[in-house]
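The values are calculated or read from the model by the stated rules, or taken from the named source; none is laboratory data. The model shown is predicted, which means the values in this text are computed figures rather than measured ones. Note that we place each Cβ from the backbone using ideal geometry, even for glycine, and neighbour counts take in every protein chain shown. Note: areas computed on protein heavy atoms with side chains; ligands, DNA, RNA excluded. Shrake-Rupley method; radii C 1.70, N 1.55, O 1.52, S 1.80 Å.
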Protein chains: 2
Amino acid sequence: MLHPVVLSGGSGTRLWPLSRQNQPKQFLALIGERSLYQETVLRASRLPGAAAPVTVCADDHRFMVGEQLAAVGLSSGGILLEPAARNTAPAIALAALHLLARDPEALMLVLPADHLIEDEAAFRDAVAGAMTLASENFLVTFGIRPDYAETGYGYIRRGTPLGDAGFEVERFVEKPDRETAEAYLEDGGYWWNSGMFLFRAARYLEELERHAPAIARAAREAHANARSDLDFTRIDRDAFAASPSDSIDYAVMEKTDRAAVVPVSCGWSDIGSWSALWSVAERDGDDNRHDGDVISVDSRGNLVRAAERRMIATLGVEDLVIVDTPDATLVARKDRVQDVKTLVDRMKADGRTEHLVHRKVYRPWGSYDSLAVGPRFQVKRIVVNPGAALSLQRHAHRAEHWVVVSGVAEVTCGDRVYEVAENESTFIPRGSVHRLRNCGKTPVELIEVQSGGYLGEDDIERLEDVYGRS
Amino acid sequence: MLHPVVLSGGSGTRLWPLSRQNQPKQFLALIGERSLYQETVLRASRLPGAAAPVTVCADDHRFMVGEQLAAVGLSSGGILLEPAARNTAPAIALAALHLLARDPEALMLVLPADHLIEDEAAFRDAVAGAMTLASENFLVTFGIRPDYAETGYGYIRRGTPLGDAGFEVERFVEKPDRETAEAYLEDGGYWWNSGMFLFRAARYLEELERHAPAIARAAREAHANARSDLDFTRIDRDAFAASPSDSIDYAVMEKTDRAAVVPVSCGWSDIGSWSALWSVAERDGDDNRHDGDVISVDSRGNLVRAAERRMIATLGVEDLVIVDTPDATLVARKDRVQDVKTLVDRMKADGRTEHLVHRKVYRPWGSYDSLAVGPRFQVKRIVVNPGAALSLQRHAHRAEHWVVVSGVAEVTCGDRVYEVAENESTFIPRGSVHRLRNCGKTPVELIEVQSGGYLGEDDIERLEDVYGRS
């Protein structure tokens, strides 16, 4: 069976302020209504004979993965939580071990979660070709036929043809300079290294064992000691931390003598920057890409994204990237967006948080969004998923007022347990032990008004928590 | 006595999105913490022998004027409410009539509310000179010595000297073309027409009677039929509407044979656009003016204003105006900001409201700010001034939940009247007659959560209102 394995480890900030550490690129709806992660798992699930996708992601992103999978109605083949980032070779090893326990003949299709593919039919054909080669024990990589001389990607030089489906890999080459990239384009036998792979899980582990035994050993131990936690597989922290950090390219693909490459032209982009997004997005007659509520006079060549409930007006500007979020707005020259990193570094150095977290925060039980903060109050919109519950908790410094906007909340306050329905409200006095639970079938949405002299997130004493946080 | 008369009739949108119809330029804190109106009344109040200032403003702005005066601790010499905009000649006539009823010898210093003056000492000296000429029955205008060849202002050609203080006006000249403006600058005898005037109230009315009798007649009748309303003088609507609309320049100054001009170099600006504000504002080493939370990499020559609780990051951009507010952001090329009008016209044509009202709305009893809106809820922050009360009212479609954040609110709900103190909350069921009142000495600040299927401002039935709105 073909098992899609989606690598969702990225924590990039190149699309700041939309991407943040707590919500990286793969979880954003950059084009259309679904996130790149959702598009990736859906695309994979439509492949003939595909099993439910396995996702490898950071611990911090587990609830987002779960929620985004559920939102597109897909069941999960497993969500493996990496306790630390160790690059792709160890992550793929974890997925291979996970699959082998279920299917000794498993074929793995490894897909980064944050890439765009416009031509799904071409992708499907390439996967079919790669499956043939993988069943002949090749480790297959996908080479994107370049349509311009990109200097930001590594390239793959094709070797001897392997039937109709692909080629042996002659060699992998590093990111070239402009002149070399142009020569590659001219040559026609150099393709972009896409980061997508297809092979038998057992073959990958054999080759890893041979060429990077320390990674293979650490992955085996970390996987053997993994614990199940709700829908997640929690990989052992200490064992995994002992793994060298390396990419599948360096650790395996460049070393094995069974590397194959399948070329594909499928409208691929890794959307590595705001200008890359502008390039692949549909644009209006003035070459503008506008998302959200934008009005524009005499403006050309811009990428403009307005945040919800906010409008952006442009006047006489060209070739800008303007990206608005509830707490921060970026205005950048489009040809300078690779330096968003410099801005993020500045924020880090200043001890800020706008690069780390969005205003909306995902929690195991749902999410909250801080709508407004004042000297003695904070207003949050809270969504509690069906069947979920917040911890039993107490605040030393604040009272909380809850107004239920939709759904029915079960509220514990002191000794009382009672229901609060739509349009009703309740009050949690300062110091009272309380809990919020959703026993219904639809999400509970409520507005929380906190009042008091100190309103920090750290004023919380958790007495009981179904998610092990107490 | 010298009576400052502040004309606050402007409703300009040239500084959109910060200026809106409900909060025009004069009420904004553009430089520093006080609004241009507040700076104007304070500057006037510091003139030797100055009486309390008279303000002429639009009816819609009355509570803002009252609040801004109170905030700087000034008493008012009167707030005259124009029921319609009729340009400066009728507005000044109203003020003259108002003053003559109190002081037959009143000297009026007419000041637009939205101008910046950096050198107060120079201004004061000019006023002293003008007082001398006004007491000799001249109608004095102030001429700003130009420091560059501006084509956007009218000019005044000086005539024969009148002692040390000033000159007769030889003639007023229209906005010149570039070449003419340069010739004026070179000549040295042409000054910018500032829109500030000083004369005896009685003299102004005499000249108005002579040169624009219809205006004088309408103003007299509108003033005679005025009604007092709280601290305001409500000018009669029908009589005032009958007045021709004309400027003091056209109606009087260009026609009288007693026009004098006092030259002054006082760092004057009418801040007629975002680029004008940038020009007069202090800037950093890269020629940027940043207000609020701004971080900037490789950016030069920009004016950037971040809204409260929001950050703006700029990267590699030059000569832009970026102005952020809670509901709209402008990004414009600095040399195109005169076309903000085009944007505003577009909004009008689209039936939008971002050019009319800010999210924060002033009411006779205080203010409210819509913090968040969702499918079935709206959250407002409401401030009720000491001694003020909202109308006795009822909503057909929504329930309201009030959490008091500071102060003590007196709540009427159905038959009950009760107090709600800090950290406490109360609930107004849908359809209940209710009222909110502040009987205390400090403002009541509360968070209102509205819930229900329809949340429009028009779902209100006013049963009783101390401000005459029921």
Nearest-ten-degree value, helix A:340-349 long axis tilted from longest Cα axis of chain A: 50 degrees
Rounded to 5, percent antiparallel among DSSP beta bridges of segment B:2-269: 50 percent
Which of the lysines could be linked to residue A:341 by a straight reach, that is with a Cα gap under 19 Å, when you skip same-chain ones fewer than 8 residues away? A:25
Can you tally the net charge around residue B:281? Count Lys and Arg as +1, Asp and Glu as -1, for every other residue whose Cβ sits under 12 Å from the Cβ of residue B:281. -2
Got the relative contact order for chain A handy, in percent, Cα pairs under 8 Å and 6 or more residues apart? 14 percent
So what is the accessible area of the protein assembly as shown per residue, in Å², with the probe set to 1.4 Å? 40 Å²
Would you mind finding the longest exposed-site-free stretch of chain B, with exposed chymotrypsin sites (Phe, Trp or Tyr not before Pro) meaning DSSP loop and at most 14 other Cβ atoms within 10 Å? B:149-453
Percent of alpha carbon pairs in the protein assembly as shown separated by more than 47 Å? 42 percent
Output needed for segment A:276-349: three equivalent-ellipsoid semi-axes, defined as square roots of 5 times the C-alpha gyration tensor eigenvalues, in descending order, whole Å. 21, 15, 11
Volume per residue, Å³, of the convex hull around the alpha-carbon atoms of chain B? 164 Å³
Give the calculated FRET efficiency between residue A:287 and residue B:177 to the nearest 0.05, with a Förster radius of 30 Å applied to their Cβ-Cβ distance. 0.25
At what distance in nm do the modelled label points of residue A:419 and residue A:227 sit from each other, each positioned 7 Å from its Cα along Cα→Cβ? 3.6 nm
As a check on your grasp of the helix formula, calculate [θ] at 222 nm for chain A: sum -39500 (n - 2.57) over DSSP H runs of n ≥ 4, divide by the residue count, round to the nearest 500. -6500 deg cm²/dmol
Starting from the Cα of residue B:147, step 7 Å along the direction of its Cβ; do the same at residue B:170; then give the gap between the two resulting points in nm. 2.5 nm
Expressed in square angstrom to the nearest 10, the accessible area of residue A:57 with a 1.4 Å probe stands at 0 Å²
Estimated FRET transfer efficiency (residue A:353, residue B:298; beta-carbon r; R0 30 Å; 0.05): 0.80
Nm distances between the label at residue A:287 and the same-position labels in the remaining copies, 7 Å along Cα→Cβ, shortest first? 2.5
With a 1.4 angstrom probe the carbon and sulfur portion of accessible area for segment B:107-157, in percent, totals 44 percent
Label position 7 Å from Cα toward Cβ: report the copy-to-copy distances for residue B:135 in nm, one decimal, ordered from shortest. 10.9
Dividing the alpha-carbon radius of gyration of segment A:2-269 by 2.2 N^0.38 Å (N being the number of residues), what value is obtained? 0.95
Rg/Rh for segment B:304-415, where both radii come from Cα atoms and Rh is the Kirkwood radius: 1.08
Quote the charge dipole size of segment B:283-349 about the Cα centre in Debye, to the nearest 20; the model charges only the Cβ of Lys and Arg (+1) and of Asp and Glu (-1). 300 debye
Determine the order of A:412, B:55 by accessible area, beginning with the largest, at a probe radius of 1.4 Å. A:412, B:55
Report, as an integer, the average count of C-beta atoms from other chains found within 10 Å of each Cβ along B:374-380. 5
Every other copy gets compared here: list the nm distances from the residue A:414 label point (7 Å along Cα to Cβ) to its counterparts, shortest first, one decimal. 2.3
Principal semi-axes in Å for segment A:360-464 [√(5λ), Cα gyration tensor, largest first]: 20, 15, 13
Sorted from largest down, what three extents in whole angstroms do the Cα atoms of segment B:192-271 have along their principal axes? 40, 31, 21
Roll a 1.4 angstrom probe over the protein heavy atoms and tell me the percent of accessible area of segment B:283-349 that is carbon or sulfur. 39 percent
Once Lys and Arg get +1 and Asp and Glu get -1 on their Cβ, which of A:401, A:364, A:390 lies farthest toward the positive end of the dipole of segment A:360-464? A:364
What accessible area, summed over both chains, is buried at the B-A interface (1.4 Å probe, Å², nearest 100)? 5000 Å²
Would you work out the charge dipole size for segment A:360-464 about its Cα centre, treating the Cβ of every Lys and Arg as +1 and the Cβ of every Asp and Glu as -1, and quote it to the nearest 20 debye? 120 debye
Roughly what angle does helix A:213-224 make with the longest principal axis of chain A, taking Cα atoms, 0 to 90 degrees, to the nearest 10? 40 degrees
Averaged over the residues of B:290-298, the number of partner chain Cβ atoms within 10 Å of each residue's own Cβ comes to 3
Just checking the output field for B:393-402: average partner chain Cβ neighbours within 10 Å of each residue's Cβ? 2
In degrees, nearest ten, helix B:120-135 long axis to first principal axis of chain B (Cα): 60 degrees
